[in-house]
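One structure is given below, encoded as C-alpha cells.
The values are calculated or read from the model by the stated rules, or taken from the named source; none is laboratory data. Note that the coordinates shown come from a computational prediction; the quantities given were computed from them, not determined experimentally. Here the Cβ positions follow ideal geometry from the backbone for every residue, glycine too, while neighbour counts run over all protein chains shown. Remember, those area values only see protein heavy atoms, side chains included, never the ligands or the DNA or RNA. Shrake-Rupley method; radii C 1.70, N 1.55, O 1.52, S 1.80 Å.
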Amino acid sequence: MAGAVFWALVALATLTSFVTAWTLGANSNSPPFAPAIGANAISTMRAAFLIGILAALGALTQGGAISETVGAGLVDGVRITSLAATAGLLTATGFMAVGVYTGYPIPAAFATTGAMVGVGLSLGGDPAVDTYRRIVTFWALVPPVSGGLAYLTATLLRRDDIPETVGVPLLAALVGGIVANVQLSVVPSPPGVGGSSISGFVARGLPAPTVGGVDPVVVAVTLAAAAASFQFIRRRTQRSVDDGVRTFLVVLGSVVAFSSGGSQVGLATGPLENLFTAELGLPGIALLFLGATGILAGAWMGAPRLLQATSREYAQLGIRRSIAALVPGFVIAQLAIALGIPISFNNIIISGVIGGGLAAGSAGVSRKKIAVTVAFWLVTLVTSVLVGFGLYRAFAAVLG
C-alpha cells in the first residue's frame, strides 16, 4: 500500500476512533450521576466535569483488557490492518448513528464487536469460537443478573425492619470491598502483569500462607475497606438520612462513571490495537490516552444536556430504585473488565431499572419498547458482521 494512502488511513482511523470515544463519553457515561442530580446532591455542570475526569481515568487505568480483546481476540490467524480498522470503526459508528436517529439505544459493544468480527473474517481469519462463547454467555447473563441484583438491592432498601441508616451503609460496604480488589494499571504489579489491586499490592508486601487457596491478607484488606465505607456512610446517614443518601449517590456515581470509562474505551480503541502497537510501534498507553481524551471531551461537551434529561427520568424512579440500578452496574462492569469482555453499559442500567421496578410491583417500562430494543440489539450484532465484512472488501477492492 502506498505511503500516502497508509498515512491517510491512519489519520482517518484515528479520527474515527476519537469520534467514537467522544460519542461514548457524551452518551454512555451519563447514567451514573443522573440519580445524584435528580436528588439535588450535585449540579449538572459539576457532574459532567466529574464524569469526564473519572471516565477518562477509568479508561487509562482499566481499559487495556477490553481494548485488547476487541483488537486482537475476536478473530484468529490475522492482524487487523489500518484499512480493516477503518472499515470496522466506520461500521460501528454508522450503527450507533442509526440508534441516535431512531431513538433506540444500539449498544456500542454489539456494533463494534460485530464489525470487528466481520472485518477479521474478511481478512481471511478464523472465528475465535471460544471467545464468542464467553462473550455471548456473558451478554446473555447480564439482564437476569443485573435485574436480579437490582431487585435484591431495592428489596433491601424497601424493608421496614432495615432502616436506611443500615441498608445504605451495607451497600457502601459492598462497593468499598469491591474497590479494594479492582485491578488498576497504576498500582505496582509483578513483572509481566498489567496491573494489580490495592489488596493484592498489600498482600505482596505482607506475605502470608494461603488458607484454602485464599490469601488472608487480601481478605483482611477487603474487609477493612468495606468497614471503612460502611462507617463513613453510616455516620452521614445518622446525622441526616437525606444527606447520607445524597453522599452515597455521589460516591456511587463516581465509581460507576470510573468503571464505565474502563469498560467502554476499548470499543473505540480496540480496532486500532495492531495499528498503533505493531505497525506504528507506539505503547499501548498512547492508544488508551487517545480514547480517554475523546471520552473526556465528549463528557464535557455533550453530557450536560443528556444529564438533564436522564436526571428527570431517575427522579421519577426514586432514590431507592436509582441506587438499585447503579449498584449492579458497578459490579457487572468491573467483572467484565476483569474478564476482558466488551459490554453495553446501557444494557446493564436498563436491566437494573427493570429489576428495581419489579421490587415495587411494576417495572414501569413498556414491554413493547423492551421487545423492540432487544430486536434492535440482535439485528445490530448480525448485520454489523455482514456490513463490516462487505465494507472491508469494498475498501480493499478500491485501494488494493
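Couple of notes before you dig in:
- Candidate set from the stretch 51-70 (those that are among the small types (G, A, S) and open to solvent by less than 10 Å² (accessible area, probe 1.4 Å)); member that is nearest to I349 (Cα to Cα): A55
- Candidate set from the stretch 7-48 (those that are buried (at least 16 other Cβ atoms within 10 Å of the Cβ) and among the aromatic types (F, W, Y)); member that is farthest from I106 (Cα to Cα): F33
- Close contacts from the stretch 42-61, counting a first residue that is farther than 15 Å from V251 by Cα and a second that is surrounded by fewer than 21 Cβ atoms within 10 Å (Cβ to Cβ) and polar (S, T, N, Q), with Cβ to Cβ under 7 Å and a gap of 6+ residues or different chains, come to T44/Q308; T61/S185.
- Only a single item in (1) without any contact (Cβ under 8 Å) to a residue 24 or more places away in the chain; (2) more than 22 Å from the chain's Cα centre (by Cα) is not met by T165, and it is number (1).
- Residue check, V218 assigned to a helix (DSSP H, G or I), at pLDDT 90 or above, over 30 Å from A39 (Cα atoms) and not small (G, A, S): yes
- Qualifying residue in the stretch 337-348 (condition: open to solvent by less than 10 Å² (accessible area, probe 1.4 Å) and over 12 Å from the mean Cα position of the chain (by Cα)): no
- Selection status of F389, among the aromatic types (F, W, Y), modelled with pLDDT of 85 or more, open to solvent by less than 20 Å² (accessible area, probe 1.4 Å) and assigned to a helix (DSSP H, G or I): no
- Taken together, the residues in the stretch 87-138 that are outside any helix (DSSP H, G or I), modelled with pLDDT under 90, surrounded by fewer than 18 Cβ atoms within 10 Å (Cβ to Cβ) and touching a helix residue (DSSP H, G or I) at 6+ places or on another chain (Cβ under 9 Å) amount to 1.
- From the list G270, G266, G284, the one residue that fits, being within 16 Å of A72 (Cβ to Cβ), within 21 Å of the chain's Cα centre (by Cα) and surrounded by fewer than 20 Cβ atoms within 10 Å (Cβ to Cβ), is G284.
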